[in-house]
1. How much net charge surrounds LEU99 when only other residues with a Cβ under 10 Å from its Cβ are counted (Lys, Arg +1; Asp, Glu -1)?
2. Over the chain, what percent of the accessible surface lies on carbon and sulfur atoms, probe 1.4 Å?
3. In a GNM of the chain with a 10 Å cut-off on Cα contacts, which of GLN78, GLN41, GLN131 has the highest mean-square fluctuation?
4. Assigning unit charges at the beta carbon (Lys, Arg +1; Asp, Glu -1) and nothing else, what dipole magnitude in debye, to the nearest 20, does the chain show about its Cα centre?
5. With springs connecting C-alpha atoms under 10 Å apart, model the chain as a Gaussian network and identify which of ALA97, ALA49, ALA128 has the largest mean-square fluctuation.
6. How charged is the neighbourhood of ASP111? Take every other residue with its Cβ under 12 Å from the Cβ of ASP111, and add Lys/Arg as +1 and Asp/Glu as -1.
7. Let me understand the chain better: what is its radius of gyration from the alpha carbons, and its Dmax, in angstrom?
8. With an 8 Å cut-off on Cα pairs and a minimum separation of 6 or more residues, tell me the relative contact order of the chain in percent.
Amino acid sequence: MSELKLRGYWNYCGLNLMMLSRVWEKHINDCLTTYDLSLRQLMILRLVASTPDISPGELSRYIGEGPTGVGKHLGKLQKKGLIERPQVQSGRRVKEAQLTDEGKELLTLTDEVLHRQEENFLGHLPRATRQGVNLTIENILDRKIK
């Protein structure tokens, strides 16, 4: 692919971001196999840690999977002992999930993976530029995801 030039394709920022995210996602998923974790599961852990009362519907919007996929990920995370989903008297689970101590510890370990991958992909950019790009992307996501 090194000889293939897709310059017309790359003229669109959105396509560039999409292609970068695909490559980045593969690299991060490869790194997370060490922890028996997928990127989607890590995203759920981070969202639950930052917003304990987040609903499955909100998780679905943020990670880009339907409710069934989110439910499967939550079940796997619970089996791994990374989250708890208490049950109410009727035997049904409550919507919210909570990180266990193991889940919190794993988040700390995976922060290094995310940091390394960010350095691999964006390390050539000055820190201020990276922060500006991140803020811009967050602003776009805030408007589009909700």
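1. On the way: positive: ARG46, LYS104; negative: GLU84, ASP101, GLU102, GLU105.
Every neighbour counted, the sum reads -2.
2. Details: 5400 of 10140 Å².
Accessible surface attributable to carbon and sulfur in the chain totals 53 percent.
3. Judging by the Gaussian network model, the answer is GLN131.
4. Numbers: 22 positive and 18 negative charges, 115 e Å.
Charge dipole, the chain, about its Cα centre: 560 debye, nearest 20.
5. Comparing ALA97, ALA49, ALA128 in a Gaussian network model of the chain, the most mobile one is ALA128.
6. Values: positive: ARG46, LYS104, ARG116; negative: GLU105, GLU112, GLU118.
Here the count lands on 0.
7. In Å, with Rg to one decimal and Dmax whole: 17.5, 63.
8. Working: 100 pairs, mean separation 31.0, N = 146.
Dividing the mean separation by the residue count of the chain yields 21 percent.
The values are calculated or read from the model by the stated rules, or taken from the named source; none is laboratory data. All figures in this text were calculated on a predicted structure; none of them were measured in a lab. So basically every Cβ, Gly included, is an ideal-geometry build from the backbone, and we count neighbours across all protein chains shown. Protein only, heavy atoms only, side chains kept; ligands, DNA and RNA dropped before computing areas. Shrake-Rupley method; radii C 1.70, N 1.55, O 1.52, S 1.80 Å.
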